[in-house]
1. What are the GluC sites (Glu not before Pro) within the chain that DSSP puts in a loop, where the Cβ has at most 15 other Cβ atoms within 10 Å?
2. If you plug each phi of the stretch 53-63 into the Karplus form 6.51 cos²θ - 1.76 cosθ + 1.60 with θ = phi - 60°, what whole-Hz ³J(HN,Hα) values come out, in order, with x for Gly and Pro?
3. Magnitude of the Cβ-charge dipole of the chain, K/R +1 and D/E -1, about the Cα centre, nearest 20 debye?
4. Using a 1.4 angstrom probe on heavy atoms only, work out the carbon and sulfur share of the accessible area of the chain in %.
5. Over all directions, what mean area does the Cα convex hull of the stretch 1-92 project, stated in square nanometres?
6. Work through the residues other than A14 whose Cβ is under 15 Å from its Cβ and net out their charges, Lys, Arg +1 and Asp, Glu -1.
7. With every protein chain left in place, what is the accessible area per residue of the chain in square angstrom, probe 1.4 Å?
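The values are calculated or read from the model by the stated rules, or taken from the named source; none is laboratory data. Owing to the predicted nature of the structure, the values given are computational and were not obtained by experimental measurement. Positions of Cβ are backbone-derived with ideal geometry, glycine not excepted, and every protein chain shown enters the neighbour counts. Heads up: the accessible areas ignore ligands, DNA and RNA and are worked out on the full protein's heavy atoms, side chains in. Shrake-Rupley method; radii C 1.70, N 1.55, O 1.52, S 1.80 Å.
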Amino acid sequence: MEGILKRLNVLWLAILAGLSIGFGGLLFILSKAFIPEDSPISPLLVGSLCFPVGLLLVCYLRLNLYTGKIGMAFRNKRLDKKGLNVFEWLFLILVGNAIGAFALGA
């Protein structure tokens, strides 16, 4: 039972990370859509300043983002003595990120 809860926790944190990155992308798109091209400030500049909000959310909330965790593949085969296999952990994170980003996009 404890192993299932660990897996669900990893998946949940990965889904939230996907939502956070999707939120940063949404802010970029909204800035491009709602700031006119002839305005004194470039919509691309505003968008590029808004996108890191998603990355900051991932860092601040300590979420599981695949691109930040892939370096763990070259460490031990297990995260702890009774824990997940590293590749299973990375797969759960990748799937969770995709689910979160898709959910925000839908």
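1. Working: sites: E2, E37, E88; in loops: E37.
Here the GluC sites (Glu not before Pro) that fit, given the DSSP loop and packing criteria, are E37.
2. Working through the residues one at a time gives 4, x, 5, 5, 4, 4, 5, 5, 8, 6, 8 Hz.
3. Values: 10 positive and 5 negative charges, 147 e Å.
Dipole size: approximately 700 debye.
4. Working: 5230 of 7270 Å².
Carbon and sulfur atoms account for 72 percent of the accessible area of the chain.
5. Values: hull surface 27.8 nm².
Result: 7.0 nm².
6. Numbers: positive: K6, R7, R62, K69; negative: E88.
Every neighbour counted, the sum reads +3.
7. Values: 7270 Å² over 106 residues.
For the chain, the per-residue accessible area is 69 Å².
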